[in-house]
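**Student:** Dumping the structure here so I can ask a few things about it.
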Amino acid sequence: MRDDYGRDIRYLRLSVTDRCNCRCVYCMPENGVPMLSHADILSFEEMRDIVAAAASLGVRKVRLTGGEPLVRRGIVDLVGMVASVPGIDEVDMTTNATLLAPIAGDLRAAGLTRLNVSLDTLDAARYEAITRRGSLADALAGLEAACVAGFTNTKINCVLVGGVNDDELRPLAELARDRDLTVRFIELMRMGECADWPKGRFVSADEVLSAVPELAPVGGQGVSELYHAPGWKGNVGLIRPMTHRFCGSCDRIRVTADGRLKPCLHSATEVNLRGLVGQELVDAMRAGIAAKPRGHRMDDGRASDSLRAMNEIGG
């Protein structure tokens, strides 16, 4: 399925809940946000049907997101349901990993392919301050459990925040020195909680190359520019939604936990999928893909046009 700009849409990000056990400063207010009621959240069966409709249109990869997907009761069962949909080759998950350790093996056995772990600092006190309630020890235990369970090609996602964690660029990057994983640094976006933050909070990904000058480019992977340092087992990735827009090659769509298709993370456009079945559901997804804009408009300090906070979309 191609959108109106010729992009082949093969990747669905599916938010399974808007709830999270953390309150990261760039994502949610300290006291949280109004949560959807249980009745407003898609059931597992509805999610499976949406994935099946997407697969019929050419989607081959599904990423389960939140909020925090591991707070959704029965998440292992959902992984199995999504992984069993014909045409789906890959089922991934983005998580803060603080709840991962006890069920990493179960998720792997159910068909989860790969993990992206959000980790913005290696300092325990700073981690608690950024997440407002999370534990660095729990996150690191989750990472270790993922390795033991057999997950490979794990990605660490680190949001760059000036004056908060930009003094840890080298230590964070060096997680890839002795581990076969990719540490990805993501430029902060003017969206939700940080839409009106001061300019100094928005750090260019080039700062990573200054902090680790031995990194050399080795190509790309999706939206990430990959770099490698001599002797390192893993790689470092740079994701530049602000300084180097990658909209021209975007191959993804998003579905929120209440069943709204978002053709673009930063667009206000949403297409309702809930309550639709069969060809009606497929046609609505096709319409949503056709509505995918050429690119976002976060230029010259402009904020995202999205009407939802990041916890409602899944990033």
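**Student:** At what distance in angstrom do the alpha carbon centres of the stretch 100-169 and the stretch 49-91 lie from each other?
**Tutor:** About 21 Å separates the Cα centre of the stretch 100-169 from the one of the stretch 49-91.
**Student:** Beyond 17 Å, how much of the Cα-Cα pair distribution for the stretch 161-209 remains, as a whole percent? Don't skip to the answer; put the middle values down first.
**Tutor:** Values: 465 of 1176 pairs.
That fraction is 40 percent.
**Student:** Then there's this: What's the FRET efficiency of ALA195 with ARG133 using the Cβ-Cβ distance as r and R₀ = 30 Å, to the nearest 0.05?
**Tutor:** In this case the efficiency is close to 0.85.
**Student:** For the stretch 111-121, just list the computed ³J(HN,Hα) in residue order, Karplus coefficients 6.51, -1.76 and 1.60, θ = phi - 60°, integers in Hz, with x standing in for Gly and Pro.
**Tutor:** Rounded to whole hertz, the list is x, 5, 8, 8, 10, 10, 10, 7, 8, 9, 7.
**Student:** About the Cα centre of the chain, how large is the charge dipole given +1 on each Lys and Arg Cβ and -1 on each Asp and Glu Cβ? Please answer in debye to the nearest 20.
**Tutor:** Rounded to the nearest 20 debye, it is 460 debye.
**Student:** Test of understanding: express the Cα radius of gyration of the stretch 1-113 as a ratio to 2.2 N^0.38 Å, with N the residue count.
**Tutor:** 1.12
**Student:** Can you list residues whose amide H is under 5 Å from ARG13's amide H, if they're 5+ apart or on another chain and H is modeled 1.01 Å from N?
**Tutor:** Long-range HN contacts for ARG13: ARG63, ILE253, ARG254, VAL255.
**Student:** Would you please give the residues with an amide H less than 5 Å from that of GLY220, counting only those at least 5 places away or on a separate chain, with H modeled from the backbone geometry?
**Tutor:** Residues meeting the criterion, in which the H sits 1.01 Å from N, are LEU226.
**Student:** If you roll a 1.4 Å probe over the heavy atoms of the protein chains, what accessible area per residue do you get for the stretch 123-206, in Å²?
**Tutor:** For the stretch 123-206, the per-residue accessible area is 44 Å².
**Student:** Under 10 Å from the Cβ of VAL277, count the other residues' Cβ atoms, weight Lys and Arg +1, Asp and Glu -1, and hand me the total.
**Tutor:** -3
**Student:** Next question, about the same structure. Multiplying the sequence separation of ASP283 and SER84 by 0.36 nm and subtracting their Cα-Cα distance, what value in nm do you get? All intermediate terms of the calculation are to be shown ahead of the outcome.
**Tutor:** Numbers: separation 199, 0.36 × 199 = 71.64 nm, distance 2.24 nm.
So the chain would gain 69.4 nm between ASP283 and SER84.
**Student:** Leaving out same-chain residues fewer than 8 places away, which lysines sit with a Cα under 25 Å from that of LYS233?
**Tutor:** LYS155
**Student:** What's the carbon and sulfur percent of the chain's accessible surface, probe 1.4 angstrom, rounded to a whole number?
**Tutor:** Ligands and nucleic acids excluded, carbon and sulfur give 49 percent.
**Student:** Can you give the calculated 222 nm mean residue ellipticity of the chain, where each DSSP H run of n ≥ 4 adds -39,500 (n - 2.57) and the sum is split over every residue, rounded to the nearest 500 deg cm²/dmol?
**Tutor:** Counting only the DSSP helices, I get -7000 deg cm²/dmol.
**Student:** Further question: With a cut-off of 8 Å between alpha carbons and a minimum separation of six or more residues, what is the relative contact order of the stretch 1-98 in percent? Write out the running numbers ahead of the final one.
**Tutor:** Numbers: 135 pairs, mean separation 35.3, N = 98.
In percent, rounded to a whole number, it is 36.
The values are calculated or read from the model by the stated rules, or taken from the named source; none is laboratory data. For clarity, every value in this text was computed on a predicted model and none was experimentally measured. FYI the Cβ positions are ideal-geometry reconstructions off the backbone, even for glycines, and counts take in every protein chain you see. Note: accessible area is taken over every heavy atom of the protein model, side chains too, but ligands, DNA and RNA are not part of it. Shrake-Rupley method; radii C 1.70, N 1.55, O 1.52, S 1.80 Å.
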